[in-house]
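The values are calculated or read from the model by the stated rules, or taken from the named source; none is laboratory data. Bear in mind the structure is a predicted one, so any value in this text is a computation, not a measurement. Quick reminder, even Gly has a Cβ in these numbers, built from the backbone with ideal geometry, and neighbours come from all protein chains shown. The accessibility values were calculated without ligands, DNA or RNA, using every heavy atom of the protein model including side chains. Shrake-Rupley method; radii C 1.70, N 1.55, O 1.52, S 1.80 Å.
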Amino acid sequence: MANNSPGSSRKAFKLQEFCAHAGAVNCLSLGHKSGRVLATGGDDKKVNLWAVGKPNCILSLSGHTTSIECVRFCGSEELVCAGSSSGALKIWDLEATKIVRTLTGHKSNIRTIDFHPYGDFIGTGSLDTNIKLWDIRRKGCIFTYKGHNAAVNSLKFSPDGQWIASAGEDAMVKLWDLRAGKLLTEFVGHVGPVTDVEFHPHEFLLASASLDRTVNFWDLEKFQQVSSTEPDTGPIRAITFDPAGDLLYAGCPDVLRLYGWEPSRTLDTLAMGWGKVVDLAVANTQLIGAGHHGTYVSLYVVEVRRLQQHFRGAGGASTLTTTGDTPQQDGAPLRGVGSGGESFKHGVGMRKSFSKDKNNAKANAEQMKTEVTSDTGGEEPSDEMHNLNSYSADAFATNRQLQRTPPPELPHWTNNNDPVSVSGEVATSSSNIRQGRRSSTQAVPTPGVTLPSSL
């Protein structure tokens, strides 16, 4: 697929392939803050952590009694949560290298996990068709959302933390209001299982990907469809917005597609050879794609700058010359014409912004809809939740804005798999993955954690 020689001018290349587990790999997740860490889960009941581009396992986490079906980093990459085929959840603190929570309540496989952007909460979706909202501190489920008629394949918190979007095997996309504790709306448009949902980084826009080979875009002000891509590719399993919010990356079998949505258009198509990619993350000027087959994991790098130079002029002016199936003319606006007839301007949103919309202080005191459950299943005692009013100020406070701190300087991978422009080492131990330095606690394993002998 790619030429890995140092002088190659390819837009993309295969970074590495390695055996990640003793049994089949069932799931993986990239750290979306840095794009430089990876967690994998397998039939061997372990969660293994890796530094992208390095051959050895950083840390092997044990404790689950059944196969791992889903894994996810928190936003800071300090915690990792894994869900098993039995419906149990375990959360590890990577600084302390120990299990900090065990949560049970789902009746079947955990299919998706997401961390709340501000509070100590996680959302999970399961093969049992339910969505659960968990309080990490109080070790319990605080609400169960019922509405899907089949497995929940993906869920994401909105950037302001007030909504959950969920995608189901029933071809439905649903939007849930966390303060009201109810379904806000549902989007009908896909004709096959929906595999992934993604909120725009700041605008009121949602994207959904499906096995029906399309991506649909939904307006979260008017609750209606904005556009849909043509079904001219394979099943789409992973999507992510460019951090600037100008375009969407879609991972299809052996192909990466770049989409715009107003109007719908293919900005670029890139042959990847990565098989079934299941996660995408943008790290500085590179897009990292990750997939798995059997016991192996494969990682690919796409040079975003080389893609963007085809359709972005100097000073942020949006132009396009693409190799995709829908060629556009140079000078065409990147996302088409807005409702007011004006061309899109780089960095200027066309919708309400998650980061700018604020409700008054009275709204912050609203009580979040909660229900007391005893879903811990006896694995770990649950603290009773006596004062449920405390959730209104803690979880979903509407005066919190998106925090956009610049990422730390990270290694930039080249085609010969060597990092350049490195500030410190690539992370090589669990306790300081983000800082990229070896931990003094590494030699003292704790229960439930197995350090690889290669370290």
Q. Using the heavy atoms of the protein chains alone and a 1.4 angstrom probe, what is the accessible area of the range 1-140 per residue in square angstrom?
A. 31
Q: With r as the distance between the Cβ atoms of Ala271 and Glu17 and R0 = 25 Å, compute the FRET efficiency 1/(1 + (r/R0)^6) and round to 0.05.
A: 0.90
(Q) Modelling each spin label as a point 7 Å along the Cα-to-Cβ direction, I'd like the Arg137/Lys107 distance in nm, to one decimal. (A) 3.2
Q) Ranked by accessible surface with a 1.4 Å probe, highest first, in what order do Trp261, Trp163 come? A) Trp163, Trp261
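Net charge within 14 Å of Ser166 by Cβ-Cβ distance, Lys/Arg positive one each and Asp/Glu negative one each, not counting Ser166 itself?
-2
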Q) Summing Lys, Arg as +1 and Asp, Glu as -1, what charge do residues with Cβ under 13 Å from the Cβ of Leu38 carry, Leu38 excluded? A) +1
Q) Once label points are set 7 Å from the Cα along Cα→Cβ at both Asp242 and Thr65, what is their separation, rounded to one decimal in nm? A) 5.0
Q: First select every other residue whose beta carbon is under 11 angstrom from the beta carbon of Val71; then total the charges, Lys and Arg +1, Asp and Glu -1.
A: +1
Q: Identify the residues of the range 214-242 with backbone N under 16 Å of a label point that sits 7 angstrom from the Cα of Ala180 along the Cα-to-Cβ direction, or state none.
A: 220-224
Q: Calculate the spin-label point distance for Asn149 paired with Asp254, positioning each point 7 Å from the Cα along the beta-carbon direction, and give it in nanometres.
A: 3.5
Q | Backbone HN-Hα couplings from phi across the range 102-113 [Karplus 6.51/-1.76/1.60, Hz, Gly and Pro as x] | A | 10, 10, 10, x, 5, 9, 7, 3, 7, 9, 7, 9
Q. How much length is gained on full extension from Glu230 to Glu95, taking 0.36 nm per residue of separation minus their Cα-Cα distance?
A. 44.1 nm
